[in-house]
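The values are calculated or read from the model by the stated rules, or taken from the named source; none is laboratory data. No experiment lies behind these values; they were computed from the predicted model shown. Note that we place each Cβ from the backbone using ideal geometry, even for glycine, and neighbour counts take in every protein chain shown.
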Amino acid sequence: MAKARWSPGSYAAFRPYLAARGRITAALRAWFVDRGFSEVETPALQVSPGNETHLHAFATELVTTAGERRPLYLRTSPEFACKKLLAAGETRIFEFARVFRNRERGALHHPEFTMLEWYRANEPYETLADDCTALLGETARAAGAKALTFRGRSVDPFAAPERMTVAEAFMRHAGIDLLATIGKGHGDPEALATQADKMGVKIAHDDTWGDIFSRILVERVEPHLGNDRATLLYEYPLPLAALARAKPGSDKVAERFELYACGVELANAFGELINVAEQRARFYTAMAEKRRIHGECYPIDEDFLTALAQMPQASGIALGFDRLVMLATGASDIAQVIWMPVAELE
């Protein structure tokens, strides 16, 4: 039987990772404060945990003093609450948020983890790319690392990231003309399936456009991202915009980018959508797809949509803080950089 994590002999092996985590936390907190950001703390219990098709939440319930029961969820992101604060008048905020995702555990996934999110009101989402560049360097300095590493791959955290559109990445690494399969914000699964099949990517007869996109991304594109220097993969297809607005003048791509290092996805950024009707429609579409695939769906936070109507133009980003610490310390598993991991099932 393996020793418990808290056993002194076992714990000693993890202590250097955790000490570095503390230094990185302090350094990034100071970076934000120095730039006029307010650190916020939003509730983990929410009416809706988020409305993305493939994210699975932990359900619970609130029992009032009168004995009434109300369903609640542990958040998968602090996004809804942070945007309510933007609607309230905050302009620059950040949060080291404990978030929860069910059905996720592995070298890069944990049921409970830390998401570093920050938002800039009335600032373009391109600014977030500059933030990412700066934070990689701050993280490396705090950890005393010259490189970010994972599974034999390394990235110079002080080098300017490579910048590439999703369409460019699909053409370069998979030989697929992605934009040709998108029309007026919708993906054509048959068109993408035809290209994928020609390039040797296996697909199923009932795959959606998003399913095929994800398979190509994981199999053919992501292995090439974040080598030697980080990669900013931007202009995500509009069918996968989630809570991001469309790029001005485009009906094919959104103001969304993801940050990669050593082939690991670190962050997901949006130019925030504030059109309530469009956001509601996206939520309904995502939840219908969730019910079709997974047999369940989550409620929509109407209070969030009401706040969205009052929210200013903004940009926001979610960064997997534990993953960043992993890469800065050379850890091979996310549990190594978490102070006390969630217990495994016996």
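Observations, loosely collected:
- Number of residues in the stretch 218-257 that are buried (at least 21 other Cβ atoms within 10 Å of the Cβ) and part of a strand (DSSP E or B): the value is 10.
- Residue count for the stretch 106-134 satisfying the condition of being in a loop (DSSP other than H, G, I, E, B), on the phi < 0 side of the Ramachandran plot and touching a Pro at 6+ places or on another chain (Cβ under 8 Å): 1.
- Test: residue in the stretch 118-129 that is in contact with a helix residue (DSSP H, G or I) (Cβ under 9 Å, 6 or more places away or on another chain), over 30 Å from T60 (Cβ atoms) and among the hydrophobic types (A, V, I, L, M, F, W, C): yes
- When the stretch 94-138 is limited to residues that are under 13 Å from the mean Cα position of the chain (by Cα) and of a type in the set (A, V, I, L, M), the one that is surrounded by the fewest Cβ atoms within 10 Å (Cβ to Cβ) turns out to be L108.
- One residue stands out among those in the stretch 177-211 that are on the phi > 0 side of the Ramachandran plot and surrounded by fewer than 16 Cβ atoms within 10 Å (Cβ to Cβ): the one that is modelled with the highest pLDDT, which is G200.
- Members of the stretch 295-330 that are surrounded by fewer than 23 Cβ atoms within 10 Å (Cβ to Cβ), in a loop (DSSP other than H, G, I, E, B) and modelled with pLDDT of 95 or more: P299, I300, D301, A309, Q310, M311, P312, Q313, G330
- F32 within 19 Å of A335 (Cβ to Cβ), buried (at least 16 other Cβ atoms within 10 Å of the Cβ) and not hydroxyl-bearing (S, T, Y): no
- Qualifying residues in the stretch 48-95 (those that are among the hydroxyl-bearing types (S, T, Y) and part of a strand (DSSP E or B)) - the one nearest to F37 (Cα to Cα): Y73
- Filter result for E289 (surrounded by fewer than 23 Cβ atoms within 10 Å (Cβ to Cβ), charged (D, E, K, R) and without any contact (Cβ under 8 Å) to a residue 60 or more places away in the chain): no
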